[in-house]
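Novice: Take this structure, written in structure tokens, and hold onto it; I'll ask about it next.
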Amino acid sequence: MGGTAQSEWCAMASSSPIATAESNRARKASTRPLIAIRSVDKIYPNGTEAIRGFSLEIPGTPQFLSLLGPSGCGKSTLLRMIAGLESCSGGEIQWPAAEYEGQERPTAEIGFVFQDATLMPWANVFDNVFLPLRLKRQSRAAAHDRIMDLLAQVNLEKFAKSYPRELSGGMRMRVSIARALVTRPKVLLMDEPFAALDEITRLRLNNDLLNLWETQKLTVVFVTHSVYESVFLSDRIVVLASHPGRLMADLTIAAPYPRTEEYRTSNLYNDHCREVSAWLHKAMAAGGQEAV
Amino acid sequence: MTGDNSRSPRTGIPKPSSGAQVLSALANAAPYIFGVAFLAAWEIAVRVNNIPPYLLPSPINIVTTLYSDFFKLLPNLLVTVRITVEAFLVAAVGGLLLGMLFTSSRWIERSLFPYAVIMQVTPIVAIAPLIIIWAKDTELALLICAWLVAFFPVVSNAAVGLNSADRNLVDLFKLYGANKFQTLMLLRLPGAMPYYLAGLRIAGGLALIGAVVAEFVAGTGGAKSGLAYRILETGYRLEIPRMFAALVLISATGIAIFFILSIFSRFMLRHWHESAQR
């Protein structure tokens, strides 16, 4: 399935001015991908087929990749499989870059942000961000500067001693992002992190996330069902069809970074949104869902 | 009584009008008003009907007896309190350890939990005589009885709490390669605290009940006897005011245990749990 969808996309690409333009961050430098997903299947014990024959390569050069699709297309499952939180029923997910050879999954290289902030309510902000390093047996003193630096980057340096219940939803999500970045991961996996937030907070966090992404030089895999969010953030959007989840299109968003409010109101942004929406509708039709 | 002034700024609800303030002050005072009215009615009924103290002593009579006999009852009170506290501590520590054992393995939980339930549902009065026969000395027997009653709410609450860790947090620990011990100490135990502390509050009262019931069955006399023995003794001698005085002391002990444990629970959860925010 994945193969046919990709060739369909290639045919489409030649006629699309948006997608043919190569992003300046595109996958060229590294010969070996950071993550190689090879014809992965996921079938749940109850027989539900969540993902069928999904293949994707994520390069070592920093990329902002969005997984976009209707609900039930298995995008969250795929993210959890990349993180090693779910097993593959078929196919495999490899980390082929040389330094991980012989290692199944380099846990230190992954940061994960859930849909909820998922903080420990009994621990203050500092201790929540410290958790991944604490689990690696690093001392609090050694981690102190790194944590305070990250908290400054997410504008929470004054809240290090606050408890999660004293923070707003957006602030909690910032803590969650700081925690995911504290181990200096190569790839940040984000599972619809802003879906539960209000529009204003969401737009602001989008800007902040892009700033972080550019300064930290990492790859982000961002699961979302929002066309607008994915077009604003990503330089690459992978559209999935549902029932079962499979690759529909692999799109490049050729708009320069840093992206600002100006980009959000530009014709280029609108064109990209139209393009991606069309693909999303196709994906929904392919999954037997009615386009909205 | 602290209600309105402290609550309204925090919740952001506008302060109520003076009429509503009076009403809410009345609502706070209601239990005290009822208590005083009840005692007054009791006192009047005893005096008007000339009820002899060996049938029903008046509240004032009980209070004066409590005052005059306090140092006679104190050693008995200390015995009961000591057994209660010891049984409670063993239940608190043992219950938590057993709860951890249950959550560490489904097999252990399946094998042992039904027996914990059986021990809980068998009335302690019914098995206390056996325990008193089997145990070497009376104090140990009393301790076992009180512990038997107190430990179940601790085990079951600890087990539920340890199993209630946030699924995403469990995943996060897995993602960072946390071992079982780290997951227990940094995630499951702190998350189980609200459940565990609620179990402790129940266990505190039950330990006292277990100790008193066991004392009734054991019925030992002398300096090592607890308040329950005093109640039995005063019953035989028709010293009913002193019996009431002993009863008041038992109730006061139960109330004190509950308050101490509530304050402890609130202190432990002050930063994060909803139950400690009021």
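The values are calculated or read from the model by the stated rules, or taken from the named source; none is laboratory data. What you see is a predicted model, and the numbers here were worked out from it, not measured in a lab. Every residue, glycine as well, gets a Cβ built from its backbone with ideal geometry; the counts of neighbours run over all protein chains shown.
Novice: Give the number of residues within the range B:50-80 that are surrounded by fewer than 16 Cβ atoms within 10 Å (Cβ to Cβ) and of a type in the set (Ser, Thr, Tyr).
Specialist: Residues meeting the conditions: 4.
Novice: Here's a follow-up. Collect the residues in the range A:161-175 that are away from chain B (no Cβ under 14 Å), without any contact (Cβ under 8 Å) to a residue 40 or more places away in the chain and among the small types (Gly, Ala, Ser), keeping them in residue-number order.
Specialist: Hits for the range A:161-175 are A:Ser168, A:Gly170.
Novice: Output the number of residues of the range B:111-130 satisfying the condition of being of a type in the set (Ser, Thr, Tyr) and surrounded by 11 or more Cβ atoms within 10 Å (Cβ to Cβ).
Specialist: Qualifying residue count for the region: 2.
Novice: So, of the residues in the range B:59-84 that are farther than 18 Å from B:Tyr229 by Cβ and among the hydrophobic types (A, V, I, L, M, F, W, C), which turns out to be farthest from the chain's Cα centre (by Cα)?
Specialist: Among those residues, the one meeting the criterion is B:Ile60.
Novice: Inside the range A:112-125, can you point out the residues that are in contact (Cβ under 8 Å) with a residue 60 or more places away in the chain and within 7 Å of chain B (Cβ to nearest Cβ)?
Specialist: Across the range A:112-125, the qualifying residues are A:Phe112, A:Phe114, A:Asp116.
Novice: Further, regarding this structure: Taking the range A:126-149 as the search range and keeping residues that are under 21 Å from B:Val170 (Cβ atoms) and of a type in the set (A, V, I, L, M), which one is nearest to the other protein chains (Cβ to nearest Cβ)?
Specialist: A:Leu135
Novice: Determine whether B:Phe34 is in a helix (DSSP H, G or I), assigned by TED's automatic domain parsing to the domain that holds B:Tyr229 and either under 25 Å from the mean Cα position of the chain (by Cα) or polar (S, T, N, Q) (or both).
Specialist: No; evaluated as a whole, the condition is false for this residue.
Novice: Further question on the same structure: What number of residues in the range B:171-214 are closer than 30 Å to B:Ile144 by Cβ and either within 14 Å of chain A (Cβ to nearest Cβ) or without any contact (Cβ under 8 Å) to a residue 40 or more places away in the chain (or both)?
Specialist: 9
Novice: Right, another one. Output the residues belonging to the range A:58-88 that are in contact with a Lys or Arg (Cβ under 9 Å, 6 or more places away or on another chain) and within 12 Å of A:Leu247 (Cα to Cα).
Specialist: Correct list: A:Leu67, A:Leu68, A:Gly69, A:Cys73, A:Gly74, A:Leu78.
Let's see how each residue does on (1) more than 14 Å from chain B (Cβ to nearest Cβ); (2) in contact (Cβ under 8 Å) with a residue 60 or more places away in the chain; (3) buried (at least 18 other Cβ atoms within 10 Å of the Cβ):
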{"site": "A:Phe159", "(1), (2), (3)": "no, no, yes"}
{"site": "A:Asp198", "(1), (2), (3)": "yes, no, no"}
{"site": "A:Leu212", "(1), (2), (3)": "yes, no, yes"}
{"site": "A:Val220", "(1), (2), (3)": "yes, yes, yes"}
{"site": "A:Leu240", "(1), (2), (3)": "yes, yes, yes"}
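Novice: Let me ask you something else. Checking A:Glu109 against (1) away from chain B (no Cβ under 12 Å); (2) touching a Phe, Trp or Tyr at 6+ places or on another chain (Cβ under 9 Å), which single condition isn't satisfied?
Specialist: The one condition A:Glu109 does not meet is (1).
Novice: Kindly check whether there is at least one residue in the range A:204-217 that is modelled with pLDDT of 90 or more and of a type in the set (Val, Ile, Thr).
Specialist: So far as the range A:204-217 goes, no, none of its residues is modelled with pLDDT of 90 or more and of a type in the set (Val, Ile, Thr).
Novice: Filtering the range B:136-170 down to residues that are part of a loop (DSSP other than H, G, I, E, B) and more than 9 Å from chain A (Cβ to nearest Cβ), which residue is surrounded by the fewest Cβ atoms within 10 Å (Cβ to Cβ)?
Specialist: Here the answer is B:Lys136.
Novice: Just to verify a result, which residue in the range B:234-278, among those that are touching a residue at least 12 places away in the same chain (Cβ under 8 Å) and within 14 Å of chain A (Cβ to nearest Cβ), is surrounded by the fewest Cβ atoms within 10 Å (Cβ to Cβ)?
Specialist: The residue in question is B:Ser275.
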